[in-house]
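No lab work stands behind these numbers, since they all come straight from the coordinates. Keep in mind it's a predicted model, so treat the numbers as computed, not measured. Glycine gets a Cβ as well: all are built from the backbone with ideal geometry, and neighbour counts include every protein chain shown.
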Amino acid sequence: MRISRRILAGLATASLAVTATSCGGGGTSGSFDDTVTVGILHSLSGTMAISESTLVDTEKMAIEEINAAGGVKVGGKSYKIEYIVEDGASDWPTFAEKSKKLIDQDGVPVVFGGWTSASRKAMLPVYESKDAFLYYPIQYEAQECSNNIFYTGATPNQQSEPATDFMYKRSPAAGGDFFLVGSDYVFPRTSNTITKAQVKQLGGKVVGEDYLPLGNTEVAPIISKIKKALPEGGIIINTLNGDQNVAFFKQIQDAGITPSKGYYVMNYSIAEEEISTIGPEFLEGHYGAWNYMMSIDTPASKKFAKSFKKRWGADRVVADPQESAYNMVYLWKQAVEDAGTFDDNAVREALVGQKFDAPQGPVEVMPNHHLSQTVRIGEINAEGGFTILEETGVVLPQAWNQKHPSSKGFACDWTDPKKGEKYRL
Amino acid sequence: MELLFDSLFNGVAIGSVLLVAALGLAIVFGLMGVINLAHGELMMLGAYTTYVTQLIFKLPILKPFYNSYIIVSIFLAFIVSGVVGILLEKTIIRKLYGSPLETLLATWGVSLILQQFVRSVPLAYGTGLVISLIIGLFLPTTFPQKIKESINFKYFKFSSWIFAALSGVLTGGLISSTVSKLSRASARNVDVTAPSWMRGQVEILGTAFPKTRLMIIIITLISVIAITLFLNQSAWGMRIRAVTQNRQMSDCLGISTEKVDIITFGIGSGLAGVAGVAVSLLGSVGPNVGGNYIVGCFMVVVLGGVGNLLGTVFASFGIGIMTDLIGAGRLLSIWPDMPLPLSNTINFFATTSMARVMIFALIVIFLQFKPTGLFPQKGRMVEN
C-alpha cells in the first residue's frame, strides 16, 4: 500500500516536473538567442566508470555555471550550452565510435572526453581525420602532440619531475635509493623511464623496478624485492592504478614498509577520491604530486570545492582530474568568444594564449596545446587530504619530454606552420 | 638460511591464497566434473559478506565484539556462498550434468549476473535476499517426517517460502535503516579493514611476518584439514567419494545421488566463500575481485590432477614458491656470481608480469609430458 502510494506520488511529481520544465524551458530560452550543443564522452559503465563519472559531473557543473552567467557570447548573440553525454563504456574502440557519432551525427563543435591513454589513442585518428577537436583532461605520459587535441592535464615535467626532485632533495628520505612500482601499461612504463633518467642526472640510484599486471593483486614478490633492495628504507615511486593501490598499501603496511621505518611512497595516481577509497590510515605520511589539491587555501579553490559539493552532495570531493575538466570547459568558452565563431580552426587559433584563473591558480594555453600549470607536493594526512608542502611557480608543459631518451631535444608548436607536431629545438 | 626461510614463507603465503581459492573448485570441478566459471563470483560473495559483517559489527550492540568479526564472517561467508551455490545447482547446473560446454556458458552467465547484482542492488537488500534463500531452502527440511510425507507438504513448503520472503524483506529493511553505507547500491570497490590484532607483524625466529598472511595460511590449513576429514571420515564424505567413483553403482546401492550432488556443490561453493574472506584481507573488495582468481584456480586444479585434493595442495604451494623464486629474482641472491647471460635472463623474468608468463609456460610444458597432472586419478574412474 505504502509503495503504491509512493509510486503515485512519484508519478504526480514527475508530471508536475514535466509541466514545470516545459514552461521553464520556454522562459529560459527567451534570455538566450540560440543554443550550441557540445559532446561529453566518458565511461559511464565498466571499470573506469567510477573515475570518469566524476568528470562528467564536473563538466556538467561548469556548463551550468556558464549558462547561469549568460552563456557563450559569439558575434553579439548569446548561446546557451547544451550537451550530449555519450558512454565510452571503458572500451577503447567504443570511444572512437562514439566520437564519430558526436562529430558526424550530432555535429558538435567540441568533445570533452577520455581518461585512459588507451582511450585517447583510440580517439586520436578519428579527430585527426575529421579535423575535429577533443579536449582531454587527464595527467598523462605525454610523448604526443596532436593538432586536434587539447591536453589540460599535467605532462610528466609538471608532475613526476618536480616530485622526484622533491623526494631526492628535500623529503625525509632525501639522498636515498629509489624503487619504482607500477601497473603494467604505457603510463607507468613511460613515466618510470623518465624518472630513471632524472634520478641518474641527480646522482641517485634506482635499485629496482617492478610492474604488476592489471587485475593482479598479489604483491608479495614485490614486497620482498623492495625489502631486499631497500633494507634501510628509501624512496618508492608508485604509479599503480586503481584498486591495485589498495592491495599494495594494505600489504606494505603489514610488511613494515611504512614512513616510520624510513620508507616514503610518492604517488602519481592517488588523489583525494582515491585516498577515501583506500583509507587514509594506510596512506598517512606518504606523498602525492598534483596541480590541484582540494586543500589549496585560495578563494577560487574553495569556491570550486563548495559549488561541487553543493551541486552533487556534501560527501563528494574534488581532485586534480576534475579541476582539469573544469578548466577546459571555461577555456573553450573563452576561445570561442575570442574567435567569434564556433568554427574549429578559428577556435584553435584563439585557444593558444588563453589565460584562466583556475582553482589551482593562473593557467595559460601554450602553443603545444598543453597548459602551463603550478605543481604541488603534498603529504597525505589523517583526514584524507593533502598537507601542501611546496609549490612550484608556473611550469611550462613539455609535450616531448626532455629526459626521455626518445624525445630529448624535440618540442611541439602548432602556432608556427613550420614547426608543428615535432621539431628539433 | 634466512633467505631460504623467507622465500619458503613467501611461497607458502602466495600458495595458500591460491589453495584456499582453488579448494572449492577442486571439489566442484575435481570431484563432480562441473566447470563452474561462477566460482570466482562465489568468492566475491564471500568477500562482500566479510564487508557487510564488518559494518554490522560496528553497530553499538555488537561493538564490544568487533575484534572477532573476522572469525564470524568466515562462517557466514561459508553459509552465504554455500546457499547461493546450492541454488545454482538446483536451478541450473543439475539440468546440465554431462554437457560441459553448456555448463561453462551457463555458469559464465551466472557470474555476470552476480557481478551486476552487487553493483546495482543495495547490499542490505542483497543480505535480505540471501537470508530469504537460507530460510526458504532449509526451513522445509526441519519439518517432522509426518508433515514431509503428507500430501499437503507443498502448501507447507509454499508457506515457508512466504515466511522466508517476509523475513528477508524485514532484515533487508532493518539493515538498510541502521547501516547507511549498505542502503545504497554502488559499483565502487569497498574496503575490509582487518581488526587491530590482525594488523602489523609478528616475529618468528628473528624474522617478521605479516599477521594477515599468517591468518590466511591458518584459514587455508583449517579448511584443508576439515575437508579432508569430512571426505574421509564422515558418512556423507564416503557417499561423495562413492558417487565420484561410480555414479550408477552408488545409485543402485541406495545412495541419493541428487542429495550428494547438492551437498558436494554446496560445500565447494562454501569454501569459495571462505576464500573470499581471505582475499578481502589482501586487497579491496569489488565486483571483479573473483574474476582475477578464476584462471589461477583452474590452473592449480589441472596441474594437481583433477579429482585429487592432495594434488591441489602440492600444485598451489609449488606455484607459490615458483612465483616467489622467479618473480623476486631469488636465484640471483643464492648464486650472486653466476655467468652474465644467465643472470640477465633471470633478471628479465624477475618482474611480476614476466614471472607469470614464465610460470604459465612451465605449466604448459609440464602438462605436455604429464597431461593428467601431478597426481593422476587411478582406477575405474579413468576408464569412464
Using the Kirkwood radius built from alpha carbon pairs, what does the Stokes-Einstein equation give as D for region A:132-236 at 20 °C and 1.002 mPa s, in µm² per second? 141 µm²/s
State which helices in chain B qualify, where a helix is a whole DSSP H run, it must extend 24 Å or more along its own axis by its Cα atoms, and its mean Kyte-Doolittle hydropathy must be at least 1.0. B:2-25, B:69-91, B:211-233, B:257-282, B:309-327, B:352-369
May I ask for the net charge around A:THR195, where only other residues with Cβ less than 9 Å from the Cβ of A:THR195 are counted and Lys, Arg are +1 while Asp, Glu are -1? +1
Could you list the GluC sites (Glu not before Pro) in region A:375-412 that lie in coil according to DSSP, counting only those with at most 15 other Cβ atoms within 10 Å of their Cβ? A:GLU383
Taking 0.36 nm per residue of separation between A:LEU396 and A:LYS60 and subtracting their Cα-Cα distance, the length gained on full extension comes to 118.1 nm
Can you figure out the FRET efficiency of B:THR142 with B:ALA235, using R₀ = 22 Å and their beta-carbon distance, to the nearest 0.05? 0.65
Once the convex hull of the alpha carbons of the protein assembly as shown is built, what does its volume come to per residue, in cubic angstrom? 200 Å³
In nm, the gap between the two label points placed 7 Å beyond Cα toward Cβ at B:THR345 and A:LEU214 is 3.2 nm
Place a label point 7 angstrom from the Cα of A:TRP312 along the Cα-to-Cβ direction, then list the residues of region A:93-136 whose backbone nitrogen is under 12 Å away. none
Here, trypsin sites (Lys or Arg not before Pro) of region A:186-259 satisfying both criteria (DSSP loop; at most 15 other Cβ within 10 Å) are A:LYS205
Could you list A:ASP57, A:ASP243 in order of exposure, starting from the residue whose Cβ has the fewest other Cβ atoms within 10 Å? A:ASP57, A:ASP243
Label point distance in nm, B:ASN288-B:ILE334, each placed 7 Å from Cα along Cα→Cβ: 3.5 nm
Dividing the helical contributions, -39500 (n - 2.57) per DSSP H run of n ≥ 4, by the residues of chain B yields a 222 nm value, nearest 500 deg cm²/dmol, of -23000 deg cm²/dmol
Connecting every pair of Cα atoms under 10 Å apart in chain B and solving the GNM, the largest mean-square fluctuation among B:ALA26, B:ALA361, B:ALA272 falls on B:ALA361
Hey, any idea what Rg/Rh is for chain A, computing Rh the Kirkwood way over Cα pairs? 1.00
Selection of trypsin sites (Lys or Arg not before Pro), region B:1-98, meeting DSSP coil and at most 16 other Cβ within 10 Å: B:LYS58
Pop the C-beta distance of B:PHE153 and B:VAL357 into the FRET formula with R0 = 45 Å and round what comes out to the nearest 0.05. 0.20
I want to verify the translational diffusion coefficient of region B:25-143 in µm²/s; compute it with Stokes-Einstein, Rh as the Kirkwood radius over Cα pairs, at 10 °C and 1.306 mPa s. 102 µm²/s
Cβ-based net charge around A:THR164, under 12 Å, with every Lys or Arg adding one and every Asp or Glu removing one: +3
Dimensionless Rg/Rh of chain B, both radii on Cα and Rh by Kirkwood, sits at 1.00
Charge context of B:GLY320, other residues only, Cβ under 15 angstrom, K/R +1, D/E -1: 0
Past the 18 Å Cα-Cα mark, which pairs from A:LYS98/A:LYS130; A:LYS100/A:LYS418; A:LYS169/A:LYS205; A:LYS101/A:LYS130? A:LYS100/A:LYS418
Starting from the Cα of B:LEU8, move 7 Å in the Cα-to-Cβ direction to define the label point; list residues of region B:204-232 whose amide nitrogen is under 16 Å from there. B:204-209
Report Rg (one decimal) and Dmax (nearest whole number) for region B:76-166, counting Cα atoms only, units Å. 15.5, 44
What whole-number volume per residue, in cubic angstrom, does the convex hull of the C-alpha atoms of region B:141-233 give? 220 Å³
Rounded to whole Å, sorted largest first: equivalent-ellipsoid semi-axes of region A:80-171, Cα gyration tensor: 30, 13, 12
